[in-house]
């Protein structure tokens, strides 16, 4: 490596370090400000990302934080994997609070929300995207699948702030966490079916494969959970390694499931977390506290990255009467 190449590499690494530091500082700063003001944390995190992304770009001609360039520049493709792994850890942490005893408090409501409300929201969202936003049918179906996702990145911070408990709190926890992988699966299934239909392959075969992959993801997550429970109960791991082992196993579980089918990893890590939550494993509360701390940092980072990644041009194109009509309909 010559001097110029070394200087460019050093500049790139410095920019990456600065971006990571800025994301962490903005995310946690927004969380703290939300606590002080008793305001929704997700709003302040999103505003922080917009401020250093598109708003900074409008004022100074370039964004202070450009996730697309920092994480995907120079031949790297890191942005999507980073966000995906963060969401996987967040979903696992969400699964850790899903105890079946709390499901009994809101069981029927959760089943209706996931198995009736999810498809209904998908169908109505498709119609709204087609006729209000003006999207073509294929894009409308995929986009509506994404909108089914409420997820722990939105629901859990709001629940933490509102301190909502009892039946309503249990219902919202289950709905928010279970709907996240289900909504992602809707979007993937819709995209794959549209792609398969265009190539003339069997739609029924592809649908069956996605359902089977989802089942395998659940089995994989349960297997990871049972394996960890057995290892911890048998004393095969020291206390100081338990949290790192779980953290590494979350990533491994997600990666293996993603090799089977895209977005199945979210189902696998949710099943993994739920298995641990219902295992009555000694010391689980300490592990849960550690994972909660990580999840707070990751949720903050994901919101800042996603909103900072927007450009003024994208926002301008999105601010149309069709978009406004779609938002009002939804």
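General observations
- Computed Rg/Rh of segment 206-330, alpha carbon atoms with Kirkwood Rh: 1.13
- For 98, 284, 127, order by how many other beta-carbon atoms lie within 10 Å, fewest first: 127, 284, 98
- Distance from the Cα centroid of segment 53-104 to that of segment 250-280 is 18 Å (rounded to whole angstrom).
- Per-residue Cβ neighbour rank within 10 angstrom, fewest leading, 113, 259: 259, 113
Rule-based calculations on the coordinates, nothing more; no lab input. The structure displayed is predicted, hence computed values, not measured ones. Virtual Cβ from ideal backbone geometry, glycine too; neighbours counted across all protein chains shown.
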